[in-house]
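The values are calculated or read from the model by the stated rules, or taken from the named source; none is laboratory data. Note that the structure is predicted; figures quoted are calculated from it, not measured. Cβ sites come from the backbone with ideal geometry, for glycine too, and all protein chains shown count toward neighbours. In case anyone asks, the SASA skips ligands and DNA or RNA and just uses the protein heavy atoms, side chains included. Shrake-Rupley method; radii C 1.70, N 1.55, O 1.52, S 1.80 Å.
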Amino acid sequence: QVQLVESGGRLVQAGGSLRLSCAVSGFNIDRRYMAWFRQAPGPKREYVAAIDWSSTYLDYGDSTKGRFTISRDNAKNLVALQMNSLKPEDTAVYYCAIHNGYGHIRPMSEYTYWGQGTQVTVSS
C-alpha cells in the first residue's frame, strides 16, 4: 500500500519560515518526479513545486518562485519543501504527490498518489 505522509504544517506569522516533509512508504520514488500542491478553502488545488528524480530539474509555480525550495532524499524516500518569507495568502493545506511517470509535471491529473495534507496557516 502506497502512503504519503506530510508533516510540518502549523501556524506561523507572516515573514516566517516553515519546512514541510513528505515521507513515502510502499513505493520507491527514485525514478519519479515528486511535487507539492496546495489548496486554500475552495475547489482549486494549486501547483507549488516539482523536482525530478536526480534533483537536477526544479520547477516552481509563479506564486512561490524565489521563496520556496523543493528538495528530496531518495535514500530516505522523502521530499521536503522549505518555505521562506511566508505570506497570509500561502495559507492552505499542502499536499505532496507522486508523478505518473510520463505526463507533464504541473497538472494535478498527472499525479497518481497523494498524501492527506498538512495545514499551513500564516497570520498577518
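Considering segment 1-98, the qualifying strands (runs of 3 or more DSSP E), each wholly inside and each with 2 or more residues that are open to solvent by 60 Å² or more (accessible area, probe 1.4 Å), run over 3-7, 11-13. For segment 53-76, does any single residue satisfy the condition of being of a type outside the set (F, W, Y) and closer than 15 Å to T121 by Cβ? So far as segment 53-76 goes, no, none of its residues is of a type outside the set (F, W, Y) and closer than 15 Å to T121 by Cβ.
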